[in-house]
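Here is the structure we will look at.
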Amino acid sequence: MARDPAFVLRYLAEVEELAEDVLAARQQIVDLDVKRNRNREALRALLKDPEPDDQAELDEEINNLRKELRVKVNRLYEAQGKPELKGFNLNPMSAEEMKLINRILEG
């Protein structure tokens, strides 16, 4: 059965726009992460302070972008008719959780 060319064109435009959103969000995360790492290195060398306020702001912005990226990727997959990614909604463990795990494994 032939599809309406206008429908196909709209569909492809929507998928392309969603894909561009995903790529832009990923690039923004990479750029901010590079900036955060440079800041951390410079500040440690100058101040011997591991987590200044600027770093906390960058961490928060990167985490927010990663959450938004998950939504964007799911919308892209949905538009393409693909199933949702499994394990994509996992969050890393905090430093405190890692310490507890290490204590358990050592004991």
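The values are calculated or read from the model by the stated rules, or taken from the named source; none is laboratory data. Computed from a predicted model, the values in this text were never measured in an experiment. Counting neighbours? That spans all protein chains shown, and the Cβs are built from the backbone with ideal geometry, glycine included. Protein only, heavy atoms only, side chains kept; ligands, DNA and RNA dropped before computing areas. Shrake-Rupley method; radii C 1.70, N 1.55, O 1.52, S 1.80 Å.
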Set of lysines near Lys67 by C-alpha distance (under 28 Å), chain-local residues within fewer than 8 positions excluded: Lys35, Lys82, Lys86, Lys99
Heavy atoms of Met93 accessible to a 1.4 Å probe, total area in Å² rounded to 10: 100
The chain, Gaussian network, Cα under 10 Å: of Asp53, Asp33, Asp21, the residue fluctuating most is Asp53
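Counting only protein heavy atoms, what percent of the accessible surface of the chain is carbon or sulfur at a 1.4 Å probe?
On the way: 4730 of 8700 Å².
The value for the chain is 54 percent carbon and sulfur by accessible area.
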Just subtract the alpha-carbon distance of Asp33 and Glu60 from 0.36 nm times their residue separation and send over the number in nm, one decimal. 8.6 nm
What size of dipole, in debye to the nearest 20, comes out for the chain about its Cα centre when the only charges are +1 on Lys and Arg C-beta atoms and -1 on Asp and Glu C-beta atoms? 400
Normalised by the residues of the chain, what does the relative contact order come to in percent, with Cα pairs under 8 Å and at least six apart? 30
For the chain, rounded, prolate or oblate, judged on the Cα gyration tensor with a ≥ b ≥ c (square roots of eigenvalues), a/c < 1.5 rounded, else prolate if a/b > b/c? oblate
Residue-wise, which Karplus ³J(HN,Hα) couplings in Hz belong to segment 11-17, taking 6.51 cos²θ - 1.76 cosθ + 1.60, θ = phi - 60°, and x for glycine or proline? 4, 5, 5, 5, 5, 5, 5
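Rounded, prolate or oblate: pick one for segment 26-86, where a ≥ b ≥ c are the square roots of the eigenvalues of its C-alpha gyration tensor, a/c under 1.5 means rounded, and failing that, prolate if a/b is larger than b/c, else oblate. Write down the numbers at each step before the final one.
On the way: a/c = 4.55, a/b = 3.55, b/c = 1.28.
Prolate.
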Once Lys and Arg get +1 and Asp and Glu get -1 on their Cβ, which of Gly81, Leu12, Asn64 lies farthest toward the positive end of the dipole of the chain? Gly81
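Any chance you could run the full-extension gain for Leu47 through Arg103? It's 0.36 nm times the residue separation minus the Cα-Cα distance, nm to one decimal. Write out the running numbers ahead of the final one.
On the way: separation 56, 0.36 × 56 = 20.16 nm, distance 3.10 nm.
My answer for the length gained is 17.1 nm.
Suppose all protein chains stay in the model; what accessible area per residue would a 1.4 Å probe give for the chain, in Å²?
On the way: 8700 Å² over 107 residues.
Each residue of the chain exposes 81 Å² on average to a 1.4 Å probe.
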If you keep only loop residues by DSSP, which chymotrypsin sites (Phe, Trp or Tyr not before Pro) in the chain have at most 12 other Cβ atoms within 10 Å of their Cβ? Phe88
Once phi is turned into θ = phi - 60°, what whole-Hz ³J(HN,Hα) does the Karplus curve with 6.51, -1.76 and 1.60 give for every residue of segment 92-99, x standing for Gly and Pro? x, 6, 6, 4, 5, 5, 5, 4
